[in-house]
Amino acid sequence: MTEKTCCVTGHRDIPDEQIESVKYALRREIVKAVSDGYTGFMTGFADGADQYFAEMVVKLQEDFPDLRLIAVLPYRKRVDSLESREQTKALLHACADVIVIQEEYKPNVYAKRNRYMVEHSDRVIAVYDGREKGGTVNTIRFTHALKKELREIPVGEIHLPNPQN
């Protein structure tokens, strides 16, 4: 039987007053995924939502030791920057696997990382505030294109375009 895998996408700049509610919602989504049979949890390890997701998976491993945290890093030097901070170093060392998308940084490397995670996941959890440009919305669009399951955690006030303009 193949492992059911879930990944996260989300913003780096979550407002301070919403961080705890985002962490709570991520924990709830991860527990739901576990109850649905998921054991693999992929994160791109960006600041914000990605690292909160990693923290929640590591905490839940105490109760669910079969959970596997998988780091999907865009380029090799990203490992060094994560190793330079104690908190991210500990999270990185808690990973069952570290996948590096390419050796050198290139402008499209983050999009490649996000596509890899969606392609290798059965479910995508998105921490999303409604903005119409950026990596999170592009990852959501790619999730829809591949007809993968999307679980969305809304953040802040979502501003819909005004049809009058």
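Tabulated data
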{"item": "Every residue from the stretch 80-132 that is in contact with a strand residue (DSSP E or B) (Cβ under 8 Å, 6 or more places away or on another chain) and of a type in the set (S, T, N, Q)", "result": "Gln102, Asn114, Ser121"}
{"item": "Hits in the stretch 52-77 (condition: within 15 Å of Met42 (Cβ to Cβ) and among the basic types (Lys, Arg))", "result": "Arg68"}
{"item": "Pairs where the first residue, in the stretch 23-48, is closer than 16 Å to Gly10 by Cα and the second is of a type in the set (Phe, Trp, Tyr) and assigned to a helix (DSSP H, G or I), C-beta under 6 Å, 6+ apart", "result": "Lys23/Tyr52; Leu26/Tyr52; Leu26/Phe53; Thr43/Phe53"}
{"item": "Residue match in the stretch 11-25 (condition: outside any helix (DSSP H, G or I), at pLDDT below 95, open to solvent by less than 70 Å² (accessible area, probe 1.4 Å) and touching a helix residue (DSSP H, G or I) at 6+ places or on another chain (Cβ under 7 Å))", "result": "yes"}
{"item": "Residues located in the stretch 76-95, provided they are open to solvent by 60 Å² or more (accessible area, probe 1.4 Å), touching a residue at least 24 places away in the same chain (Cβ under 8 Å) and not in a helix (DSSP H, G or I)", "result": "Arg76"}
{"item": "Matching option when the condition is of a type in the set (A, V, I, L, M), out of contact with any Asp or Glu (no Cβ under 7 Å at 6 or more places or on another chain), open to solvent by less than 10 Å² (accessible area, probe 1.4 Å) and in contact (Cβ under 8 Å) with a residue 24 or more places away in the chain, among Val58, Val155, Val109", "result": "Val109"}
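The values are calculated or read from the model by the stated rules, or taken from the named source; none is laboratory data. Computed from a predicted model, the values in this text were never measured in an experiment. Every residue, glycine among them, receives a Cβ derived from its backbone with ideal geometry; neighbour counts consider all protein chains shown. Surface areas here come from the heavy atoms of the whole protein model, side chains and all, with no ligands, DNA or RNA. Shrake-Rupley method; radii C 1.70, N 1.55, O 1.52, S 1.80 Å.
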